[in-house]
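Worksheet: one structure, shown below.
Values in this text are rule-based calculations from the coordinates and carry no lab data. Note that this is a predicted model, so its numbers are computed, not measured. Quick reminder, even Gly has a Cβ in these numbers, built from the backbone with ideal geometry, and neighbours come from all protein chains shown.
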Amino acid sequence: MATNIKTIGIIGAGQMGGGIAHVSALAGYDVFLNDLNDEKIESGLATINGNLARQVASEKISESERQAAVERIRSANHMEALGSCDLIIEAATEDEAIKRRIYSKLCPVLDRNAILATNTSSISITRLAASTDRPEKFVGVHFMNPVPVMKLVELVRGIATDENTFSRAREYVDALGKTTAVSEDFPGFMVNRILLPMINEAIYTLYEGVGSVDSIDSAMRLGANHPMGPLQLADFIGLDTCLSIMQVLYDGLADTKYRPCPLLVKYVEAGWLGRKAGRGFYDYRGDEPVATR
């Protein structure tokens, strides 16, 4: 029997987890935010506060809405604090081994009716679900980045996900004012199955000397009416995340068209992960981003 979702637990206070906490609290849910340590949680809370304040300044929300949302988000510095949550969304780094370790610690403290969701952008929902004690109550809820701005959420059911779990997850997404796109459980789902190979091809275009960073991004902004060039977008997503998704596509679909570009691998090996690292296809350490090739 369906029960209303009232309390959300979020594992990961970074860009995605913080964004999910932000929109959940604004929608009236009580939120518990968890991460590896208090410092990461506090940093996540500070970012949420700043983003809410910007929404007030741009008159998207009122000051009273901001204040109410802030009061609904609580720090959860250990797994046990998530035990009373109706829905737990794991928004950890895109690494299957890390996600499995989280589930092994999390599942024993959860209520038996709690839904466990993952914000993975590419990893098999069926396989992740099988590593938990509740595959029928496990679902993919893939938010787009930045969460407060982007309207889409991909909902992905694993082979064992039951209808009650799926419908409750959909009701939650609807309550956030987001639009649901239902995807089958294939590597990369829909958005990243289409988006990441385009980014990877842009990197190949750079790698092969067809165009510079500036010319490739300008061509796609002005020639295809994309709001952001593919290399700028890769930097925004994080080149390590781009590489991880391309590897999932390449391994899962066994097609050479998904082979990660060697230049992408080289940038990740150098630690040039994009905006978050200060350098990627652009160097962000000055007043204005400067192309690195």
Subset of Lys40/Lys99; Lys6/Lys137; Lys99/Lys137; Lys99/Lys276; Lys105/Lys178 violating a 19 Å alpha-carbon distance limit: Lys99/Lys276; Lys105/Lys178
Signed unit charges on C-beta, dipole axis of segment 193-291, positive-most listed residue Phe236, Val213, Gly223: Phe236
Nearest-0.05 FRET efficiency for Ser131 and Glu208, computed from C-beta distance (R0 25 Å): 0.05
Residue with peak Gaussian network fluctuation, the chain [Cα springs, cutoff 10 Å], from Gly83, Gly177, Gly17: Gly177
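Please state the equivalent ellipsoid semi-axes for the chain: what are the square roots of 5 times the Cα gyration tensor eigenvalues, largest first, in whole Å?
Working: eigenvalues 207, 108, 58 Å².
In descending order, the three semi-axes are 32, 23, 17 Å.
When the Kirkwood hydrodynamic radius is evaluated over all pairs of different C-alpha atoms of segment 52-123, what value in angstrom, to one decimal, is obtained?
Working: mean 1/r = 0.0691 Å⁻¹.
Evaluated on segment 52-123, it is 14.5 Å.
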Kyte-Doolittle mean at least -0.5, axial Cα span of 27 Å or more - DSSP H helices of the chain: 38-57
Computed magnitude of the charge dipole of segment 48-177 (debye, nearest 20; Cβ of K, R +1, Cβ of D, E -1): 200 debye
Unit charges at the beta carbon, dipole of segment 120-181: most positive-side option, Val147, Thr165, Leu176: Val147
Dipole axis of the chain (+1 Lys, Arg; -1 Asp, Glu on Cβ), positive-most option in Ala270, Val290, Asn4: Asn4
Full-stretch length increase - Ser75, Glu288 - with 0.36 nm per residue and alpha-carbon distance subtracted: 73.2 nm
Point-to-point label distance, Val149-Glu39, nm (Cα→Cβ direction, 7 Å offset): 2.9 nm
Nearest-20 debye value, segment 179-293 charge dipole, Cβ charges on Lys, Arg, Asp, Glu: 100 debye
Cα-centre dipole for the chain with unit charges at Cβ (Lys and Arg positive, Asp and Glu negative), debye to 20: 120 debye
Average Cα contact separation per residue, segment 193-291, under 8 Å, 6 or more apart, as relative contact order %: 27 percent
Label-to-label distance, nm, for residues given as Ala254 and Ala57 (7 Å Cα→Cβ offset): 5.3 nm
Directionally averaged shadow of segment 148-272, computed from the convex hull of its alpha-carbon atoms, nm²: 9.2 nm²
